[in-house]
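The values are calculated or read from the model by the stated rules, or taken from the named source; none is laboratory data. Note that the structure is predicted; figures quoted are calculated from it, not measured. Neighbour counts are summed over all protein chains in view; Cβ atoms, including those assigned to glycine, are modelled from backbone coordinates with ideal geometry. Side chains are part of the model used for accessible areas, which takes the heavy atoms of the whole protein and leaves out ligands, DNA and RNA. Shrake-Rupley method; radii C 1.70, N 1.55, O 1.52, S 1.80 Å.
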Amino acid sequence: SISGSLVRDLNQTMSMTLSGELEDTSSFSYLGLPGLSLALPSASPYSPFAGDVLLHRYVDAPGALGRQTDTLSGQVGFLVDGYLGDWRWTVNGGYNRAETKTRTGRGLDDDALQAGVTAGTIDPFGDLGQLPANPFDTARSISSKSNIEGVINGTAWEGPAGSLSSTFKIGFDNQSQDSETLRSGVFSERSLSRDRTSASGNFNLPIASRDREVLGVLGDLSANLNLAYEDLSDFGGLSAYTVGLNWSPWTPVNFTASWADEQKAPSMSQLNDPTISTPNVPVYDFAAGQSVNITRIEGGNPNLSAETKRILKFGVNLTPLKDKDLRFTANYTRTETAGSIASFPTITP
């Protein structure tokens with residue numbers, strides 16, 4: 001990997017940062033030994049059995065189930081920030097691109113071996129490490145993202161109990177992902193792109209203030225509100241909001257409460273990752289009560305829908321001693337999720 005950054009002051013109130021990174025990663029994994037199932041006739045000179053049997057064995061050829069993964073990724077970015085009066089603003093953006101190639105072995109070709117075992121010319125209990133390998137499974141994924149976002153924050157107005165502080169964001173980004181898979185000789189490809197426009201605002205309003213003697217009997221009380229909306233070219237509009245309260249009836253105690261309702265679209269990877277099979281993955285079978293080796297198939301699911309989440313939070317902080325760093329904290333969180341997006345496996349009987 002190689003990376004670098006450049007920081008410059010443009011004038012007394014503005015500065016700029018440029019950055020870039022390039023990374024190349026390669027890895028090789030052994031996924032176990034390939035297994036064979038061979039029909040051994042009783043007439044074979046190598047069979048110690050009175051009847052026909054099905055012989056299962058592993059072959060000492062670990063490279064036949066190896067996996068090679070190569071990833072080349074790069075990114076460039078910029079950030080410009082400054083002040084507009086008392087308001088601080090930033091504009092940032094960048095471009096990222098990553099290409100990943102995966103090649104997974106599918107074991108050994110046992111067709112010729114089975115013919116030799118059936119004819120009695122090959123010993124199925126002998127060294128079978130020189131068998132030809134099956135064609136590899138391959139997968140290739142190219143993802144890219146370009147984005148720009150502007151942020152401005154400051155004091156909107158001065159109220160009796162304190163300043164109404166606010167933060168506003170607006171942004172645009174474009175994502176694309178192309179994937180192709182060759183699995184067991186079957187080729188498939190998918191392409192997906194997404195344009196996203198987003199805007200959000202955050203507000204924090206003091207309601208009561210002990211120091212300013214505004215409703216001082218209540219102590220310190222403030223409310224906060226966060227609103228967000230994004231429009232996705234492949235999903236439409238998604239919204240989110242959070243409302244909360246922060247209350248300190250007296251200095252050692254602080255209570256917080258919030259309610260959030262948010263919609264979330266699946267990521268490009270969750271929708272469009274290529275299909276990859278991994279052999280010899282140990283999994284506990286709850287129904288059979290034993291561990292088994294499976295071939296795990298993973299990748300994107302183009303039929304995923306948006307996720308809706310509702311979160312209720314309560315919290316309390318207590319600092320009983322002024323001259324000691326002692327704090328007691330308790331939190332309660334309740335989350336309801338509809339259309340939850342999660343990775344397998346969540347295995348039950």
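Remarks
- Per the listing L55, L84, the residue uniquely in contact (Cβ under 8 Å) with a residue 40 or more places away in the chain and touching a Pro at 6+ places or on another chain (Cβ under 6 Å) is L55.
- Pick from the stretch 155-196, criterion among the β-branched types (V, I, T) and surrounded by fewer than 18 Cβ atoms within 10 Å (Cβ to Cβ), ranking: nearest to L238 (Cα to Cα): I170
- Among the residues of the stretch 201-236, those that are without any contact (Cβ under 8 Å) to a residue 40 or more places away in the chain and small (G, A, S) comprise G201, G216, G219, A223, A228, G236.
- Qualifying residue in the stretch 268-289 (condition: without any contact (Cβ under 8 Å) to a residue 12 or more places away in the chain and of a type in the set (G, A, S)): yes
- Residue match in the stretch 61-70 (condition: in contact (Cβ under 8 Å) with a residue 60 or more places away in the chain and touching an Asp or Glu at 6+ places or on another chain (Cβ under 7 Å)): no
- Strands (runs of 3 or more DSSP E) wholly inside the stretch 1-91 that include at least 1 residues being of a type in the set (D, E) and open to solvent by 80 Å² or more (accessible area, probe 1.4 Å): 2-9, 14-30
- The criterion of at least 1 residues that are loosely packed, with under 11 Cβ neighbours inside 10 Å is met by the following strands (runs of 3 or more DSSP E) wholly inside the stretch 241-349: 276-285, 290-298, 328-338.
- Check on K145, under 17 Å from T90 (Cα atoms) and in contact with a strand residue (DSSP E or B) (Cβ under 7 Å, 6 or more places away or on another chain): no
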